[in-house]
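Enquirer: Can you read through this structure? Questions will come right after.
Every read-out reported here was derived from the displayed coordinates using simple, explicitly stated rules and does not represent laboratory data. It should be emphasised that the depicted structure is a prediction, and the values quoted were computed from it without experimental measurement. Don't worry about glycine lacking a Cβ; one is built from the backbone with ideal geometry, like all the others, and counts go over all protein chains shown.
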Amino acid sequence: MARIELTVDGAKVSDDVEPRMLLVQYLREKLGKTGTVIGCDTSNCGACTVHLDGRSVKSCNVLAVQANGREVTTIEGLADGDQLHPVQEAFRECHGLQCGFCTPGMIMQAVDLLGENPSPTEAEVREGMEGNLCRCTGYHNIVKSVLHAAGGAK
């Protein structure tokens, strides 16, 4: 077992974990952060995207021990109480989800994308979101949601 200490959604946590435990497993199984979805276990789909020290990562591709001493934000930590994050609100307003399975990862990636480029073009949104897959939609409303959050579409 390895001892880890990290901050998750603003709360300091400390745990003993198996060195091979994935961050996605730690978040879901140990902390109950089930908004972080296990999709493919191969880092292809992006459903498990979280922020690690403010940057998006696919948590199925990160060991929990690699997060030691770092800050993790999950979809549950994005809102401010009952106030949705602007990207969450944009996905709601623009119907940027269908079944909702990929939505947490899409939102987390979109927040990172907009942090790097607050006024992206449609092409830049499509490129910036390409590591996150959605099996239900044609991505039109996802792109529209990201642009809306950026203030570029209504």
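Enquirer: Taking H as built 1.01 Å from N, whose amide H comes closer than 5 Å to the amide H of LEU63, not counting residues under 5 places away?
Expert: LEU23
Enquirer: For the range 4-90, rounded, prolate or oblate, judged on the Cα gyration tensor with a ≥ b ≥ c (square roots of eigenvalues), a/c < 1.5 rounded, else prolate if a/b > b/c?
Expert: Since a/c reaches 1.5 but b/c is at least a/b, the shape of the range 4-90 is classed as oblate.
Enquirer: Give me SER145, SER43 ranked fewest to most by other Cβ atoms within 10 Å of their Cβ, as a rough exposure proxy.
Expert: The fewest-first ordering by Cβ neighbours comes to SER43, SER145.
Enquirer: Here is a follow-up. Using Cα springs under 10 Å in a Gaussian network model of the chain, which residue among ASP15, ASP82, ASP41 shows the largest mean-square fluctuation?
Expert: Highest fluctuation of the listed residues: ASP82.
Enquirer: Return the sequence-ordered ³J(HN,Hα) values of the range 84-99 in whole Hz as given by the Karplus equation 6.51 cos²θ - 1.76 cosθ + 1.60 applied to θ = phi - 60°, using x for Gly and Pro.
Expert: After applying 6.51 cos²θ - 1.76 cosθ + 1.60, I find 5, 4, x, 6, 4, 4, 5, 5, 5, 5, 9, 6, x, 8, 10, 6 Hz.
Enquirer: So, one more: Just the number, please: Stokes-Einstein D of the range 86-150 in µm²/s, Kirkwood Rh from C-alpha pairs, 25 °C, 0.890 mPa s.
Expert: 219 µm²/s
Enquirer: Here's a follow-up. Antiparallel as a % of all DSSP beta bridges within the chain, to the nearest 5?
Expert: Here the antiparallel bridges make up roughly 90 percent for the chain.
Enquirer: If amide hydrogens are placed 1.01 Å from N in the peptide plane, which non-local residues have theirs closer than 5 Å to the one on VAL8?
Expert: Excluding prolines and chain starts, which carry no amide H, the hits are VAL13, VAL72.
Enquirer: What trypsin sites (Lys or Arg not before Pro) in the range 1-60 are in a loop by DSSP, with at most 12 other Cβ atoms within 10 Å of the Cβ?
Expert: ARG20
Enquirer: If you bin every alpha carbon distance in the chain into 10 Å steps from zero, what whole percent lands in each bin?
Expert: 12, 43, 32, 12, 1, 0
Enquirer: Mean-square fluctuation check for the chain, GNM, Cα pairs under 10 Å: which of CYS60, CYS40, CYS94 is largest?
Expert: Fluctuation is largest for CYS40.
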